[in-house]
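A short worksheet on the structure shown next.
The values are calculated or read from the model by the stated rules, or taken from the named source; none is laboratory data. Remember, it's a predicted structure, so these values are computed and weren't measured experimentally. Cβ atoms come from the backbone with ideal geometry, glycine included; neighbour counts cover every protein chain shown. Surface areas here come from the heavy atoms of the whole protein model, side chains and all, with no ligands, DNA or RNA. Shrake-Rupley method; radii C 1.70, N 1.55, O 1.52, S 1.80 Å.
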Amino acid sequence: MSDHHESAIRTPKQLAAAVIGFFLITVLGIALLVQYVTATKLTGAGTESQSAQAVSDRLRPVADVGFTLKDANAPKVLQSGEAIYTSTCSACHGAGVAGAPKVGDNAAWGTRLAQGYDTVVKHAIEGLRAMPAKGGNPDLDDVEVARAVVFMANKSGGKLKEPEVPAAPAAAPAAAPKG
């Protein structure tokens with residue numbers, strides 16, 4: 001018994017037709033698959049990004065979120081030395097950055113305190129070497145800077161008294177109307 005197989009494609013014309021038919025069926029299959037995949041709305045992570053609320057949140061100005069206006073004409077509430085140290089001074093004086101005396105280093109603070117309270121406070125207010133004026137926070141009042149100096153110095157072996165808050169200037173009496 002002999003196995004004799006015959007191909008369905010016998011001429012070059014039939015071969016060309018088969019190849020072209022294969023490519024057309026493949027392209028048609030891909031086109032239908034793409035149509036099927038893109039015709040349905042996808043749901044999943046991130047689809048809320050186009051909701052009206054999400055769009056509104058993105059368009060709201062940044063200043064509206066968690067920003068509190070403060071009255072520039074209101075009397076300033078002075079912060080404690082510890083609060084100023086925590087918010088401004090600790091970045092350098094906590095780690096000894098750029099030669100800043102670390103809080104708790106009695107020797108480093110001792111040499112500075114030997115210069116006198118007024119000199120140390122003056123350097124803190126005006127800046128010295130790598131330290132910018134008022135520790136880089138121009139919103140601080142001179143009394144707040146002095147309080148921070150006293151706080152740091154007292155944590156480092158000093159025995160300084162916290163500065164007194166200067167009295168607010170009295171308002172000028174209103175002139176009596178002429179008449």
Kindly rank 150-157, 14-21 from highest to lowest mean number of other beta carbons found within 10 Å of each residue.
150-157, 14-21
To the nearest 20 debye, what charge dipole does the stretch 84-174 have about its Cα centre, counting +1 at the Cβ of each Lys and Arg and -1 at the Cβ of each Asp and Glu?
360 debye
Given the peptides 93-99, 106-112, arrange them by the average over their residues of other C-beta atoms within 10 Å, most packed first.
106-112, 93-99
Report the local net charge at GLY157: Lys and Arg +1, Asp and Glu -1, summed over other residues whose C-beta lies under 13 Å from its C-beta.
+3
Got a number for the accessible area of LEU59? Probe 1.4 Å, square angstrom, nearest 10.
140 Å²
